[in-house]
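Here's the structure, in structure tokens; my notes come after.
The values are calculated or read from the model by the stated rules, or taken from the named source; none is laboratory data. None of the values given here were measured: they were computed from a predicted structure. Positions of Cβ are generated from backbone atoms using ideal geometry, with glycine treated the same way; all protein chains shown enter the neighbour counts.
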Amino acid sequence: MPIEEERRALARGLRRRDPELLDGLIERYQYRLFRYLVYLCGNRETAEDLFQETWVRVLDRGHQYDGKSKFETWLFSIARHLVIDLHRRKRPQSLEALTEAEENPMQVPAGGASALDLAAAQEAEAGLLESLNRLPAILREVLLLRFQEDLKLEEIAVVIAAPMGTVKSRLYRGLEQLRELLEGAKP
Amino acid sequence: MNDDRHATAERLILQEQVEGISAEERQWLSRHLEQCADCALPARRTAEALRSLRAVSIPLPAGLADRAQLRVYWRAEELEERTREAWTMWIACGIAWILGLLTAPLVWRGFEWVGGLAGLPSLVWQTGFVVWWTAPALVAAIVLIARFGAAGQREQMR
């Protein structure tokens, strides 16, 4: 099925609130959405709550997805709004001020894989995670969208509801800072 | 001039990753990086940073999708129930409106008769008729506004 037709079918299904379609979408996008939320709000528990909220919002506002853009772009912008709403309720601040909210939010948790696997993974990723945690959330976010999600600059602009110039400047700043932080973290 | 070349190289190293560069620029950059160790270092660091960034993985909490699916299922039930209630209410309103319209002439005569019997001025029994006609709609509107207001507040609280 061509991508456009697939998106239109998705939009129709969301308008109908098709439960099977939603179950499939949750399965399919769980990793990407959870990762985005962890990057954005810097806390796994909060990310988990917002993960559920995002899907409830997708159900509620499914009729707003027009099928013209990528589903993930729309999904991420919903998740982003929820993070901003949450932080506005907690403290009157914007996403710009959200940085180093938690200590090492992207840490590998205990449980799940074997202890040896976890230790090895932790060691390999420790430097990067620490560096990422020290980046402001707005820079972490664009780095994720560009280099992990492989979104186009225009799509990132839609997700973060900002002009293209802002997207580019955040990417440049983010990349530069990440590079410096990683260099500083090396033994 | 030499500083300019380093600055250009530095700019292109980042630009290549962020928004892409032309084939000529890439060719120039490769040549420059081969000759300039000072610029080759940040280029290598940038590539390493991106490689690490792409490799990072976030472990998923167990049962994450299951819990979300359950939440979505409950919410879908709730919305369906709400839609059913709304339909029932609109149908009831429609029937009441039609019946009100059909019986209006009879009720008018009834008010007129009672008004005449009691010796009331026309304005009084006519006002009574208007109140009888509009009161149910006003009550329904107040109930609806209160319900939607409460639902909106619940949404905001979530």
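Numbers below:
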| item | result |
| --- | --- |
| Any hit, segment A:73-82, residues being surrounded by fewer than 18 Cβ atoms within 10 Å (Cβ to Cβ) and modelled with pLDDT of 90 or more | yes |
| Some residue of segment B:39-55 being loosely packed, with under 10 Cβ neighbours inside 10 Å, outside the structural domain of B:Trp132 (by TED's automatic domain parsing) and either part of a helix (DSSP H, G or I) or in contact (Cβ under 8 Å) with a residue 12 or more places away in the chain (or both) | no |
| Members of segment B:19-70 found to be facing another protein chain (nearest Cβ under 7 Å) and either of a type in the set (Lys, Arg) or at positive phi (or both), listed by number | B:Arg45, B:Arg54, B:Arg67 |
| Of the criteria (1) in a loop (DSSP other than H, G, I, E, B); (2) away from chain B (no Cβ under 11 Å), which one A:Ile138 fails | (1) |
| Exclusive hit being closer than 30 Å to A:Glu45 by Cβ and without any contact (Cβ under 8 Å) to a residue 60 or more places away in the chain, set B:Arg71, B:Arg109 | B:Arg71 |
| Count of segment B:90-122 residues which are among the aliphatic types (A, V, I, L, M) and either loosely packed, with under 11 Cβ neighbours inside 10 Å or touching a Cys at 6+ places or on another chain (Cβ under 7 Å) (or both) | 9 |
| Qualifying positions in segment B:1-20 - surrounded by fewer than 18 Cβ atoms within 10 Å (Cβ to Cβ) and either β-branched (Val, Ile, Thr) or outside any helix (DSSP H, G or I) (or both) | B:Met1, B:Thr8, B:Glu19, B:Gly20 |
